[in-house]
Amino acid sequence: MAKRTIQSCWKQFEKFYKDYQSDQKCKDTAIAAFGDLCTKANNDNICAGLKTLFVAPHYDLDLAVLFDLHLEDGKIALWQTMFDSEKKELYVNPFSILQFIEQINEVDLESEDKENIIHFRWVSFCKEMSKIPSMFLLFMLVLQRVAYLLEIAHIEKRGGIVEVAEGEAYHTLLWAFKEFEAFARKTWGIELRSKYNILWYESEWITGR
């Protein structure tokens, strides 16, 4: 049997997700297979690579990164990553990540509310990010959780009042993209923007009202 890797696990997660979506009868089987793979991958410490490459360089708190199949009322949880500060565990929910990617792919920008600049900026950015491979988005969403932990979207105003910037999800995922862009260039010699025709220049967008 071939050694289990993050790439082989991700391919299996994608297969199970397609099974889950394709037929009502397959849902329970797909969920069971998904949960079993999460357990096996965690036992094999597969997520150690995610921690080493994308968490440790930015966040010095010793924590564990784990795959977690999390359902709420029998449905896929909305969160893609979550951090438990008491257990010091960062959970990655592949099912929810794949659902998020599917939702992005279904977005029709022409039908979105262009008057709401914060919302339209978010969906437009996500649409650009959908051009890259799904496993790269997995890496970016792990980085996004690091951005939340680092509170990069928190703004200190006069008087020491700290507020969260409007559009926090956008700012944190944008940071994740910039960090992953640098990682891909240094590690694989890949220029993400040119390779995947990503046309996103954050300076062209209004960052707040």
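The values are calculated or read from the model by the stated rules, or taken from the named source; none is laboratory data. What you see is a predicted model, and the numbers here were worked out from it, not measured in a lab. Don't worry about glycine lacking a Cβ; one is built from the backbone with ideal geometry, like all the others, and counts go over all protein chains shown.
Scan the range 104-117 and report the pairs whose first residue is within 15 Å of Gly167 (Cβ to Cβ) and of a type in the set (A, V, I, L, M) and whose second residue is at pLDDT below 90 and part of a loop (DSSP other than H, G, I, E, B), with Cβ atoms within less than 8 Å and a gap of 6+ or a chain change.
Once the first residue is within 15 Å of Gly167 (Cβ to Cβ) and of a type in the set (A, V, I, L, M) and sits in the range 104-117, its partners that are at pLDDT below 90 and part of a loop (DSSP other than H, G, I, E, B) give Ile117/Trp205; Ile117/Ile206; Ile117/Arg209.
Out of the residues in the range 63-76 that are part of a strand (DSSP E or B) and in contact with a strand residue (DSSP E or B) (Cβ under 7 Å, 6 or more places away or on another chain), state the one that is surrounded by the fewest Cβ atoms within 10 Å (Cβ to Cβ).
Ala64
Filter the helices (runs of 4 or more DSSP H) completely within the range 110-209 down to those with at least 3 residues that are among the small types (Gly, Ala, Ser) and either at pLDDT 95 or above or surrounded by fewer than 16 Cβ atoms within 10 Å (Cβ to Cβ) (or both).
In the range 110-209, the matching helices (runs of 4 or more DSSP H) lie at 168-188.
Show the residue pairs meeting these rules: Cβ distance below 9 Å; 6+ apart or different chains; first residue within the range 29-42 and of a type in the set (Ser, Thr, Tyr); second residue surrounded by 13 or more Cβ atoms within 10 Å (Cβ to Cβ) and assigned to a helix (DSSP H, G or I).
Thr29/Phe16; Thr29/Asp19; Thr29/Tyr20
Could you tell me how many of the residues in the range 77-109 are in a helix (DSSP H, G or I) and exposed (fewer than 15 other Cβ atoms within 10 Å of the Cβ)? Before the answer, list the steps.
Taking the range 77-109 first, the residues in a helix (DSSP H, G or I) are 94-105, 109.
Adding the requirement that they be exposed (fewer than 15 other Cβ atoms within 10 Å of the Cβ) leaves 102-103, 105, 109.
Residues meeting the conditions: 4.
Residues to consider are Lys18, Lys51, Lys11, Lys40; find the one that is in a helix (DSSP H, G or I), more than 22 Å from Val142 (Cβ to Cβ) and of a type in the set (D, E, K, R).
On the way: Lys51 fails: more than 22 Å from Val142 (Cβ to Cβ); Lys11 fails: more than 22 Å from Val142 (Cβ to Cβ); Lys40 fails: more than 22 Å from Val142 (Cβ to Cβ).
None of the others qualify; the one that does is Lys18.
Going residue by residue through the range 57-66, is there one that turns out to be closer than 27 Å to Gly35 by Cβ, free of Cβ contacts under 8 Å to residues at least 60 places away in the same chain and touching a Cys at 6+ places or on another chain (Cβ under 7 Å)? Give the steps one after another, and end with the answer.
Quick first cut of the range 57-66, residues closer than 27 Å to Gly35 by Cβ only: 62-66.
Then drop every residue that is not free of Cβ contacts under 8 Å to residues at least 60 places away in the same chain, which leaves 62-64, 66.
Next cut, touching a Cys at 6+ places or on another chain (Cβ under 7 Å) only: 66.
Yes, the range 57-66 contains at least one residue that is closer than 27 Å to Gly35 by Cβ, free of Cβ contacts under 8 Å to residues at least 60 places away in the same chain and touching a Cys at 6+ places or on another chain (Cβ under 7 Å).
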